[in-house]
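*Asks:* Below are the structure tokens for one structure; questions will follow.
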Amino acid sequence: MELDISGAKVLFTLPIDLPILGELQISETIVVSWIVMLLITGACIWLTHDLKVENISKRQAVAEMLVDMANHFVIGNMGERFRHLVPFVAALFATSVVSNLISLIGLRSPTADLSTEAAWAVVVFIMITRQKIKTNGFGGYLKGFTTPIAVMTPFNVLSELATPVSMACRHFGNILSGVVINALIYGALAVASSALFGLLPGVLGDVLSQIPILDVGIPAILSVYFDWFSGFMQAFIFCMLTVMYIANAAEEG
């Protein structure tokens with residue numbers, strides 16, 4: 001899809017479905033998601049290679065620091081009994097961060113596709129529901145929809161279903177907005193570059209007006225927020241909501 005902005009065309013990359021083995025289709029989101037998983041797996045193998053008890057390397061020190069941060073985040077917010085969730089939350093955070101930042105190397109971020117966040121949110125929703133049933137029993141879980149009065153049951157059901165929807169749409173909306181804003185900035189700078197250098201006389205102006213010179217450097221400064229800061233913040237918020245929802249489900253009685 002192309003967006004025309006006063007003569008400048010901004011390209012938005014859409015998922016490309018490639019038919020493989022009959023009905024099986026592999027989209028761009030799936031391909032990049034596998035690249036993200038390979039990058040994370042490779043980083044984990046590299047960081048944990050040749051571990052030592054004494055005289056540890058800087059690589060091992062970084063790995064231990066990351067593990068300590070993950071433990072502190074999960075156990076600090078959920079308690080010691082949820083230590084088993086540390087690998088899941090750490091993997092969720094790493095996948096979200098790398099997916100958000102992979103657009104910096106020209107690949108389409110998987111988190112710019114709602115299906116990615118929707119899949120994460122469904123998994124988290126299942127874990128929340130499981131914890132509620134474990135805490136209150138299946139009957140207690142169903143009874144919870146009738147509180148404080150039975151007439152509130154439809155609203156309580158909608159509120160329950162809104163949890164994964166809000167988690168997915170919040171993450172997706174922020175990432176997609178960053179992609180769109182960056183594309184609009186590139187288009188606006190291309191138009192400004194063409195107008196500015198088109199004022200130069202002769203062949204020089206004709207040549208330079210065709211080169212989006214202003215697109216070099218300025219978008220990189222803006223990407224510090226739209227890509228780096230926003231990418232990390234959305235990953236952090238999604239994981240924080242995950243641990244808080246599960247922890248609250250364990251406390252409901």
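The values are calculated or read from the model by the stated rules, or taken from the named source; none is laboratory data. Just so we're clear, the structure is a prediction, and the values are computed from it rather than from any experiment. A quick note on method: Cβ atoms are made from the backbone with ideal geometry, for glycine too, and the neighbour counts reach across all protein chains shown. Heads up: the accessible areas ignore ligands, DNA and RNA and are worked out on the full protein's heavy atoms, side chains in. Shrake-Rupley method; radii C 1.70, N 1.55, O 1.52, S 1.80 Å.
*Asks:* Quick one: Val151 ticks every box in (1) open to solvent by less than 70 Å² (accessible area, probe 1.4 Å); (2) assigned to a helix (DSSP H, G or I) bar one, so which box is it?
*Replies:* Going through (1) open to solvent by less than 70 Å² (accessible area, probe 1.4 Å); (2) assigned to a helix (DSSP H, G or I) one by one, Val151 breaks only (1).
*Asks:* Something else about it: Out of (1) open to solvent by 80 Å² or more (accessible area, probe 1.4 Å); (2) assigned to a helix (DSSP H, G or I); (3) among the charged types (D, E, K, R), the odd one out for Glu117 is which?
*Replies:* It is condition (1) that Glu117 fails.
*Asks:* Restricting to the stretch 49-60, name every residue that is surrounded by 11 or more Cβ atoms within 10 Å (Cβ to Cβ) and hydrophobic (A, V, I, L, M, F, W, C).
*Replies:* Within the stretch 49-60, Leu51, Ile56 qualify.
*Asks:* Cβ-Cβ below 8 Å, separation at least six or inter-chain, first residue in the stretch 230-248 and within 15 Å of Ser96 (Cα to Cα) and part of a helix (DSSP H, G or I), second open to solvent by less than 20 Å² (accessible area, probe 1.4 Å) and of a type in the set (Asp, Glu): which pairs?
*Replies:* The qualifying pairs are Phe238/Glu117.
*Asks:* For the stretch 33-48, how many residues are within 24 Å of Ala119 (Cα to Cα) and either surrounded by 15 or more Cβ atoms within 10 Å (Cβ to Cβ) or among the hydrophobic types (A, V, I, L, M, F, W, C) (or both)?
*Replies:* Step one: filter the stretch 33-48 for residues within 24 Å of Ala119 (Cα to Cα), giving 33-44.
Then drop every residue that is not either surrounded by 15 or more Cβ atoms within 10 Å (Cβ to Cβ) or among the hydrophobic types (A, V, I, L, M, F, W, C) (or both), which leaves 33-40, 43-44.
Selection size over the stretch 33-48: 10.
*Asks:* Here's a follow-up. Here's a check for you: in the stretch 55-101, which residue that is farther than 29 Å from Leu114 by Cβ and among the polar types (S, T, N, Q) is modelled with the highest pLDDT?
*Replies:* So, considering only residues that are farther than 29 Å from Leu114 by Cβ and among the polar types (S, T, N, Q), the one modelled with the highest pLDDT is Asn71.
*Asks:* Next question. Answer yes if at least one residue in the stretch 124-147 is part of a loop (DSSP other than H, G, I, E, B) and buried (at least 20 other Cβ atoms within 10 Å of the Cβ), and no otherwise.
*Replies:* No, the conditions are met nowhere in the stretch 124-147.
*Asks:* Could you count how many residues in the stretch 231-247 are more than 17 Å from Phe88 (Cβ to Cβ) and either in contact with a strand residue (DSSP E or B) (Cβ under 7 Å, 6 or more places away or on another chain) or crowded, with 22+ Cβ neighbours inside 10 Å (or both)?
*Replies:* Restricting attention to the stretch 231-247, the residues satisfying the condition of being more than 17 Å from Phe88 (Cβ to Cβ) are 231-234.
Then keep just the ones that are either in contact with a strand residue (DSSP E or B) (Cβ under 7 Å, 6 or more places away or on another chain) or crowded, with 22+ Cβ neighbours inside 10 Å (or both); that gives 231, 234.
Going through the stretch 231-247 one residue at a time, the tally reaches 2.
*Asks:* Report, ordered by the first and then the second residue, all pairs with beta carbons closer than 6 Å, sequence separation of six or more or different chains, a first member in the stretch 46-62 that is among the hydroxyl-bearing types (Ser, Thr, Tyr), and a second member that is modelled with pLDDT of 90 or more and not in a loop (DSSP other than H, G, I, E, B).
*Replies:* Short answer, once both residue conditions are applied: Thr48/Ala63.
*Asks:* Which one of the conditions (1) in contact (Cβ under 8 Å) with a residue 12 or more places away in the chain; (2) touching a helix residue (DSSP H, G or I) at 6+ places or on another chain (Cβ under 9 Å); (3) under 29 Å from Ser96 (Cα atoms) does Ile211 fail to meet, given that it meets all the rest?
*Replies:* Looking at each condition in turn, Ile211 falls short on (3).
*Asks:* Would you tally the residues in the stretch 82-101 being free of Cβ contacts under 8 Å to residues at least 40 places away in the same chain and open to solvent by 20 Å² or more (accessible area, probe 1.4 Å)?
*Replies:* 5
*Asks:* If I filter the stretch 186-202 for residues that are within 30 Å of Val123 (Cβ to Cβ), open to solvent by 30 Å² or more (accessible area, probe 1.4 Å) and outside any helix (DSSP H, G or I), do I get at least one hit? Give the derivation first.
*Replies:* Here is the first cut: in the stretch 186-202, the residues within 30 Å of Val123 (Cβ to Cβ) are none.
Looking through the stretch 186-202, none of the residues is within 30 Å of Val123 (Cβ to Cβ), open to solvent by 30 Å² or more (accessible area, probe 1.4 Å) and outside any helix (DSSP H, G or I).
*Asks:* Go through the residues of the stretch 206-225 one by one and say whether even a single one is within 25 Å of Ala90 (Cα to Cα) and either open to solvent by 60 Å² or more (accessible area, probe 1.4 Å) or of a type outside the set (Ser, Thr, Tyr) (or both).
*Replies:* Yes; the residues of the stretch 206-225 include at least one that is within 25 Å of Ala90 (Cα to Cα) and either open to solvent by 60 Å² or more (accessible area, probe 1.4 Å) or of a type outside the set (Ser, Thr, Tyr) (or both).
*Asks:* Can you tell me how many residues in the stretch 157-179 are open to solvent by 50 Å² or more (accessible area, probe 1.4 Å) and touching a residue at least 60 places away in the same chain (Cβ under 8 Å)?
*Replies:* Here the count works out to 4.
*Asks:* With respect to Ser109, is the statement that it is touching a helix residue (DSSP H, G or I) at 6+ places or on another chain (Cβ under 7 Å) and either open to solvent by less than 70 Å² (accessible area, probe 1.4 Å) or in contact (Cβ under 8 Å) with a residue 60 or more places away in the chain (or both) true?
*Replies:* yes
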